[in-house]
Every structure is written in C-alpha cells, then in structure tokens.
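The next block holds one structure in the form of structure tokens; read it before the comments.
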2 protein chains.
Amino acid sequence: MINQIDVFSSAHSFKEEDIRDKAVVMIDVLRASSTMVTALQNGAKGIIAVEDMDEASKISHNLDAKSFMMSGEKNGVTIDGYDLGNSPLEHTEDVVNGKTIMLNTTNGTKAIRRCSLADQIIVGSFLNLDAIVEYLQNLDEEVLLVCAGWRGRLSLEDILCAGNIIYELCEGDLPNEARDGAKVAFGLYEKFGDDIENSIKSSNYAVRLKDIVSEDDLEYCCQRSITDILPALKEGIITDINGKKQ
Amino acid sequence: MINQIDVFSSAHSFKEEDIRDKAVVMIDVLRASSTMVTALQNGAKGIIAVEDMDEASKISHNLDAKSFMMSGEKNGVTIDGYDLGNSPLEHTEDVVNGKTIMLNTTNGTKAIRRCSLADQIIVGSFLNLDAIVEYLQNLDEEVLLVCAGWRGRLSLEDILCAGNIIYELCEGDLPNEARDGAKVAFGLYEKFGDDIENSIKSSNYAVRLKDIVSEDDLEYCCQRSITDILPALKEGIITDINGKKQ
C-alpha cells in the first residue's frame with residue numbers, strides 16, 4: 001500500500017480537487033495536531049476546527065456557553081478573549097474534560113478546510129504516530145499525508161512526521177515506485193529521524209517563535225506514540241475514532 | 001552563507017512578497033530549465049518565458065518573424081502551431097543559433113513569473129550545476145532555490161537538484177542552523193543523489209509522461225555540469241551571464 005501514499009508539503013501545495021475521495025492525514029506537529037490529540041486524550045468531547053474568529057463567534061452563538069471552550073492562536077500568540085492558546089500543555093484534563101473545543105490556528109485548521117473534498121480526514125502527530133500507522137496499514141485506499149506547513153511553505157517538523165509514518169509503513173525500505181512526496185519525506189526522516197527533538201528545536205518554527213512558544217511545548221510535541229487517540233473529522237466535529245477514552 | 005539559503009518546494013509554496021529583493025534560482029529540471037540552458041549553450045540569443053499562448057502571440061507580433069522561434073508544451077505535448085516542443089534535444093545549434101526563443105511551459109515559466117519581485121533570477125538545472133554553485137558561493141545575499149514542481153506539488157527531480165546545490169555549497173556537512181527547506185532537499189539528495197538517473201526515471205514526472213517524453217530526454221537532463229551557461233533574467237529576456245559562448 002506504500003505506493004498509494006503521497007505527501008503534500010503544505011496546505012497550498014495541492015488543488016482541492018486533488019484530494020477528492022481520498023483519505024487524508026492532516027499533520028501540523030507545532031501545534032494544531034498535537035493540541036487536538038492531547039485535548040481528546042484528556043477527555044474533550046470533540047474539536048471544531050474554525051478558520052477565523054468570525055466563524056468561531058458564529059458557531060459559539062448556537063452552543064451552550066458551558067459546553068465549549070475557545071482555543072486558538074494567531075502567529076503563535078493566544079487570541080484575545082479566547083479561553084486557551086494553541087499549546088497542548090494548556091489542554092489538561094481539568095480544563096477540557098467534557099468540553100467541545102473550538103480551535104482556530106494559523107495553518108492547521110486552514111489545512112483541514114482545504115481538504116474538505118476528502119473521503120475522510122484524520123489528524124496525525126508524533127504523539128499518536130503508531131495509531132496512525134496501524135490505521136493506515138488496514139486502509140485500502142489512496143492516502144495523502146497533508147503537511148500544514150507555514151504560509152504555504154513546508155515545515156520541517158511536519159515533513160519529518162510524515163516521513164516517520166512512511167518509514168514505519170515500509171519498514172525502512174522504501175520501494176522505487178513510491179511517490180515523489182513520500183521519497184522526500186522519507187529522505188528527511190532518514191537524515192534527521194534519530195534525533196527528532198533536536199531537529200525540531202532548530203527548525204524555522206522554533207527559531208521564529210522562540211520568544212513565544214516554550215521549550216516544554218516543543219519537547220512535548222516531539223514525543224512519539226504516547227497515546228492511541230485517532231482524531232477523525234465526522235460531520236464537522238473531530239472526535240477520537242479509536243475510542244479508548246469513551 | 002548556507003544559512004541564507006532556503007528551498008521552496010513548488011511555485012505555489014510561497015507568497016510573491018516573500019521573494020522581494022532576494023536572489024532566486026528557478027529549477028525546473030524536466031524540462032524548462034534544462035531546455036533554457038541547452039538553447040543558450042547552442043547559441044540562442046535569449047529566451048522569453050511566456051505564461052500562456054495569448055502572451056506569446058502578442059509578443060511575437062512585435063518581432064521580426066525570422067528572429068525568433070516559439071517553443072512550448074502543455075502537459076508534455078508540443079503546442080499546436082509552435083516550432084518546437086519543450087525537449088532540450090530539439091534545441092540544437094542548427095535550429096536555435098542566433099534566434100530568440102519564446103518558451104511557454106506548464107510550470108517553469110509560471111514559476112519565473114511568480115518570482116517577479118526578486119532582486120535577480122537565474123535558472124538552474126543539473127546541466128549547469130557547477131556554474132550555479134560557483135555563482136552562489138560569491139553571492140552575499142539571501143538566496144531562494146525555487147523548485148517549479150507540478151500543479152503546486154513538489155517534484156522529486158527539482159528538489160533533488162536543489163539538494164545537490166545545497167550539498168555542494170556546504171561540502172556535504174549541513175549545519176544545524178540551515179533552513180527547513182534546505183534540510184528537506186539535502187535529506188533527499190543524501191538518499192537518492194548517488195543515482196540521479198534512476199531516481200528520476202522512477203519519478204512521478206517520468207511515470208506520468210512515459211508515453212510522451214522520451215528516455216533520451218530524461219537521461220540528457222540528468223547529466224551534471226556539462227556546461228557553464230548561467231541563464232539570468234534581465235529586462236524580460238533570459239541570457240547567459242557567464243558569457244562563454246559570446
């Protein structure tokens with residue numbers, strides 16, 4: 001099945017039509033994917049990915065104020081008036097258990113929106129890597145690993161995570177027939193995969209947001225397979241389809 | 001200077017503003033870059049990269065019919081009524097010597113247009129790789145290697161060429177501070193750089209166009225540093241600034 005997998009390097013690196021009827025894994029390691037996985041792990045009922053503040057406000061008017069929280073960042077900083085930023089470490093069990101999280105982030109939620117024609121969308125990160133790999137191993141359809149990236153550009157941490165997924169799926173032996181995007185991600189993972197934490201600490205993201213995003217956040221997001229949570233978008237809400245917490 | 005270099009994975013993977021006042025190397029190995037380098041090597045006076053057939057027609061009305069040729073392809077096939085396709089092997093000395101070439105291709109010429117805010121644009125391929133490396137070694141400004149890609153997606157051959165340039169510039173030892181895009185390209189080159197021809201023969205491009213683009217074309221475009229031609233865009237025309245043939 002490895003030859004049915006491609007990697008798109010950013011949310012702008014494909015036409016929406018290219019996604020139609022395919023399975024998508026959306027990867028935004030720093031930090032939307034990691035935050036979604038963590039919030040669900042800590043008992044959040046679901047996550048609604050919103051594209052901007054207007055949309056968040058509109059949806060929130062139809063919900064009971066006690067049932068949801070607003071999380072989000074713009075260029076790494078918590079949005080004024082929101083309950084939480086986009087740090088997974090803020091999404092503790094105390095805070096999110098039983099709540100629906102409305103999440104508004106710079107690149108990750110936009111990437112999900114650009115995949116709206118997909119057959120299914122799941123959310124991948126290092127934190128739930130094994131769960132993603134296991135899910136894909138049993139899937140018989142074309143798969144696109146969509147890296148969120150940053151302003152259209154690729155992000156090291158997202159391609160590295162995609163490369164790790166590819167590496168596990170082919171057990172380190174990528175066939176010649178693999179797609180271009182899979183080869184690029186695999187090459188990066190072979191080069192930097194033995195020290196993900198240090199690679200990510202020297203990434204453009206870490207350098208750009210060094211005064212805003214804590215080292216604890218980076219270290220947390222680099223941990224591999226600490227949970228089996230498998231977030232999937234169904235009817236506008238992202239919930240865990242592995243269901244371990246339910 | 002290696003830390004001043006980034007790689008953009010496709011013509012859609014940046015905002016035009018991100019290019020402002022930077023030096024760009026546009027890379028479209030299959031085949032716009034390779035064709036431009038070859039045409040200039042074979043004595044073409046210059047190349048005008050046009051975005052579509054309308055523009056080609058408009059410009060050609062102002063030129064002496066004997067002074068130029070129209071080259072171009074749409075999805076790999078020669079455009080109806082054009083003198084030549086986008087095969088470098090068609091651009092022989094007999095055919096192009098002394099002529100201006102109007103080149104219209106699917107991704108390469110569009111990539112050049114998206115870089116219009118750059119301080120300078122040069123054209124890179126495997127064919128003129130050493131000339132590019134030497135030029136960049138002496139350049140004291142921020143450099144973007146812009147891979148043309150395909151319909152917004154990355155193309156193996158372009159990232160591989162960018163990775164080869166990065167590899168030569170850092171003599172195989174990429175510093176930790178290198179940009180994300182440089183790391184991705186370097187990783188791919190480390191993985192596949194020892195057999196560029198076979199890597200490119202199994203690329204998405206080669207598979208997609210296997211009935212249209214000859215193996216001779218692919219093999220030709222994989223040759224490293226067979227010429228010192230250094231195409232650069234000045235006032236709308238791409239000419240050789242190394243000037244070896246003049």
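The residues listed here are A:GLY108, A:GLY98; of these, the one that is small (Gly, Ala, Ser), away from chain B (no Cβ under 14 Å) and touching a Gly at 6+ places or on another chain (Cβ under 9 Å) is A:GLY98. Residues that are touching a residue at least 12 places away in the same chain (Cβ under 8 Å) and of a type in the set (D, E, K, R) within the range A:209-232 comprise A:GLU215, A:ASP216, A:ASP217, A:GLU219, A:ARG224, A:ASP228, listed in sequence order. Among the residues making up the range B:234-246, those that are part of a loop (DSSP other than H, G, I, E, B) and open to solvent by 80 Å² or more (accessible area, probe 1.4 Å) are B:GLU235, B:LYS244, B:LYS245, B:GLN246.
Residue by residue through the range A:75-90, note down the ones that are among the aliphatic types (A, V, I, L, M) and open to solvent by less than 40 Å² (accessible area, probe 1.4 Å). If you could, list the steps in order and put the result at the bottom.
Keep residues of the range A:75-90 that are among the aliphatic types (A, V, I, L, M), which gives A:77, A:79, A:84, A:89.
Answer for the range A:75-90, where residues must be among the aliphatic types (A, V, I, L, M) and open to solvent by less than 40 Å² (accessible area, probe 1.4 Å): A:ILE79, A:LEU84.
State whether the residues of the range B:213-233 include one that is under 30 Å from A:ASN198 (Cβ atoms), open to solvent by 10 Å² or more (accessible area, probe 1.4 Å) and among the aliphatic types (A, V, I, L, M). The answer is no, given that none of the residues of the range B:213-233 is under 30 Å from A:ASN198 (Cβ atoms), open to solvent by 10 Å² or more (accessible area, probe 1.4 Å) and among the aliphatic types (A, V, I, L, M).
So which helices (runs of 4 or more DSSP H) stay within the range A:139-219 end to end and still have 3 or more residues that are of a type in the set (A, V, I, L, M) and within 11 Å of another protein chain (Cβ to nearest Cβ)? Walk me through how you get there before you give the answer.
Numbers: elements: A:156-169, A:180-192, A:196-201, A:204-208.
In the range A:139-219, the matching helices (runs of 4 or more DSSP H) lie at A:156-169, A:180-192.
Whenever a residue of the range A:42-54 is more than 19 Å from A:ILE112 (Cα to Cα), its partners that are open to solvent by 70 Å² or more (accessible area, probe 1.4 Å), lying with C-beta atoms within less than 7 angstrom and at least six residues away or across chains, give the pairs A:ASN42/A:GLU93; A:ASN42/A:ASN97; A:GLY43/A:GLU93; A:GLY43/A:ASN97; A:GLY43/A:LYS245. Just one of (1) within 14 Å of chain B (Cβ to nearest Cβ); (2) more than 30 Å from A:GLU141 (Cα to Cα); (3) among the hydrophobic types (A, V, I, L, M, F, W, C) fails for A:MET69. It is (1). Against the numbered list (1) more than 14 Å from every other protein chain (Cβ to nearest Cβ); (2) modelled with pLDDT of 90 or more; (3) over 28 Å from B:ASN198 (Cα atoms), B:LEU129 comes up short only at (3). The C-beta contact set for the range A:189-203 (first residue touching a residue at least 40 places away in the same chain (Cβ under 8 Å), second residue open to solvent by less than 10 Å² (accessible area, probe 1.4 Å) and not aliphatic (A, V, I, L, M), distance under 6 angstrom, 6+ apart or interchain) comprises A:ILE200/A:GLU157; A:SER203/A:GLU157; A:SER203/B:ASP180.
One line per residue, one yes/no per condition, for (1) of a type in the set (Ser, Thr, Tyr); (2) within 27 Å of B:VAL24 (Cα to Cα):
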{"position": "B:VAL50", "(1), (2)": "no, yes"}
{"position": "B:GLU55", "(1), (2)": "no, yes"}
{"position": "B:HIS61", "(1), (2)": "no, no"}
{"position": "B:SER67", "(1), (2)": "yes, no"}
{"position": "B:LYS74", "(1), (2)": "no, yes"}
{"position": "B:ILE79", "(1), (2)": "no, no"}
{"position": "B:ASP94", "(1), (2)": "no, no"}
{"position": "B:ALA111", "(1), (2)": "no, yes"}
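In the range A:1-14, which residues are in contact with a strand residue (DSSP E or B) (Cβ under 9 Å, 6 or more places away or on another chain) and within 14 Å of chain B (Cβ to nearest Cβ)? If the condition is that a residue be in contact with a strand residue (DSSP E or B) (Cβ under 9 Å, 6 or more places away or on another chain) and within 14 Å of chain B (Cβ to nearest Cβ), then A:GLN4, A:ILE5, A:ASP6, A:VAL7, A:PHE8, A:SER9, A:SER10, A:ALA11, A:HIS12, A:SER13, A:PHE14 are the ones that fit.
Scanning the range A:154-171 for residues that are surrounded by fewer than 24 Cβ atoms within 10 Å (Cβ to Cβ) and among the charged types (D, E, K, R), we see that the one that is nearest to A:TYR189 (Cα to Cα) is A:GLU168.
When B:ARG114, B:ARG20 are screened for being open to solvent by 30 Å² or more (accessible area, probe 1.4 Å) and modelled with pLDDT of 95 or more, only B:ARG20 passes. Would you confirm whether or not the range B:61-74 contains a residue that is open to solvent by less than 10 Å² (accessible area, probe 1.4 Å) and under 18 Å from the mean Cα position of the chain (by Cα)? Yes, some residue in the range B:61-74 is open to solvent by less than 10 Å² (accessible area, probe 1.4 Å) and under 18 Å from the mean Cα position of the chain (by Cα).
Do you know which residues across the range A:112-138 are without any contact (Cβ under 8 Å) to a residue 24 or more places away in the chain and either among the polar types (S, T, N, Q) or not in a helix (DSSP H, G or I) (or both)? Let's see the steps before the verdict.
If we filter the range A:112-138 for residues that are without any contact (Cβ under 8 Å) to a residue 24 or more places away in the chain, which is where we start, we get A:134, A:138.
Answer for the range A:112-138, where residues must be without any contact (Cβ under 8 Å) to a residue 24 or more places away in the chain and either among the polar types (S, T, N, Q) or not in a helix (DSSP H, G or I) (or both): just A:ASN138.
For B:ALA49, the conditions (1) under 30 Å from A:ALA111 (Cβ atoms); (2) touching a strand residue (DSSP E or B) at 6+ places or on another chain (Cβ under 6 Å) all hold with the exception of (1).
The values are calculated or read from the model by the stated rules, or taken from the named source; none is laboratory data. Small disclaimer: the values here were computed from a predicted structure and weren't measured. As a convention, Cβ positions derive from the backbone with ideal geometry for all residues, glycine included, and neighbour counts pool all protein chains shown. Surface areas here come from the heavy atoms of the whole protein model, side chains and all, with no ligands, DNA or RNA. Shrake-Rupley method; radii C 1.70, N 1.55, O 1.52, S 1.80 Å.
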